[in-house]
Amino acid sequence: MTKYVLITGATSGIGLALIEPLKTAGFAPILTGRNAEKTAKLAARHGIDGYTLDVADPDAIQRVTQQITDDLGPLHCLINNAGIWLEGDFDTYADSDIKAVMDTNTMGTINMTHAVLPEMLERGNGTVINVVSTGALYTRKSISVYAASKWAIRGFTGCLENECAPKGVRVMGFYPGKIASNMYKTAGVERDLSVAMTPATAAKMLVTMLADETMVWSQVSGRALKDYV
Ligand SMILES: NC(=O)c1ccc[n+]([C@@H]2O[C@H](COP(=O)([O-])OP(=O)(O)OC[C@H]3O[C@@H](n4cnc5c(N)ncnc54)[C@H](OP(=O)(O)O)[C@@H]3O)[C@@H](O)[C@H]2O)c1
């Protein structure tokens, strides 16, 4: 049976870096992204299935996950990777920015999982990997809402890990430190990414987590050595 792996936010960074290593490891990645043009172009370039999917839109999640399972069949794995950054003092945030971060990072992950988990539980097999962040392991100034969005997912992931493992379904969290992706630039924030982990390294860790089905890799974290400054 084809091992389909649905990746959210796969038009950039970690999500995009996952495509080729997943193929090499024998999986069939499904590239999803919020930008229809980018999604179609990248899916064609990698010769894989692609679907436009904005995880901040609960109706789109219902519609597109149904379409994917109608077209391809059951999912082997869901990787909740889509996410956005927000930085600055809390009192300066616009309501719309707060909503976008929570809708994408938190509700996007919860709603995607809610859409695909019942079928995995029924089958007694499947994997959900949530890309969280070291931002969910500690607190610091200037990232209050991003941290809130990821701390929520840390709790969600840990609870589901315990709930689903006895039923044969693995729910795992990946907690990377700084990664040299587009995330900060998209949020209009300057960052020295010369000290960061590459998206390719993050992807390698995720493929390791997915590949050994006898293991539940609980709270897997990692930082680039040169990021210890
Ligand atoms: N970069 C870091 O330092 C770092 C550290 C720890 C954890 N993370 C987490 O890693 C994950 C991936 O981020 P990245 O570093 O690879 O950043 P990235 O290069 O900016 O990639 C983020 C991806 O998410 C997509 N996306 C954003 N909002 C979306 C939505 N509503 N629906 C669907 N897709 C959406 C983006 O689409 P577009 O291409 O259209 O923008 C992009 O494909 C995120 O969850 C992030 O929080 C990142």
Once fully extended, how much extra length lies between residue 229 and residue 91, figured as 0.36 nm per residue of separation less the alpha-carbon to alpha-carbon distance? 46.8 nm
Using a simple spin-label model with points 7 Å from Cα along the Cα→Cβ vector, what separation in nm is obtained for residue 142 and residue 28? 4.5
At 7 Å along the Cα-to-beta-carbon direction for both residue 163 and residue 114, put a label point, then send me their distance in nm to one decimal. 1.1
Cα long-axis angle, helix 36-46 against the chain (0 to 90 degrees, to the nearest 10): 60
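Among the listed pairs 23/185; 23/99; 38/141; 3/226, give every one whose C-alpha distance is greater than 31 Å.
Beyond 31 Å between Cα atoms: 23/99; 38/141; 3/226.
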The summed charge of the residue 46 Cβ neighbourhood (under 13 Å; Lys/Arg +1, Asp/Glu -1) stands at +2
Would you grab the residues whose amide H sits under 5 Å from the one on residue 216? Only those 5+ places off in sequence or on another chain, please, with H modelled 1.01 Å from N. none
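Based on the Cβ-Cβ distance of residue 20 and residue 194, what FRET efficiency does E = 1/(1 + (r/R0)^6) give at R0 = 22 Å, to the nearest 0.05?
0.40
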When Lys and Arg each count +1 and Asp and Glu each count -1, what net charge do the other residues less than 11 Å away from residue 12, Cβ to Cβ, add up to? +3
For residue 211 and residue 72, FRET efficiency with R0 = 25 Å and r from the beta-carbon atoms, rounded to 0.05? 0.75
How high is the relative contact order of the range 84-183, given as a whole-number percent (alpha carbon pairs under 8 Å, six or more residues apart)? 37
From Cα pairs below 8 angstrom and at least 6 apart in sequence, can you work out the relative contact order of the range 4-227, rounded to a whole percent? 20
Using only C-alpha positions, report the orientation-averaged shadow area of the convex hull of the chain, nm², one decimal. 12.1
Gain in span if fully extended, residue 2 to residue 221, counting 0.36 nm per residue against the direct Cα distance: 76.0 nm
To the nearest 500 deg cm²/dmol, what mean residue ellipticity at 222 nm is calculated for the chain from DSSP H runs of n ≥ 4 alone, each contributing -39,500 (n - 2.57), summed and divided by the residues? -13500 deg cm²/dmol
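Just so you know, all these numbers are worked out from the coordinates, no wet-lab data involved. The structure displayed is predicted, hence computed values, not measured ones. FYI the Cβ positions are ideal-geometry reconstructions off the backbone, even for glycines, and counts take in every protein chain you see.
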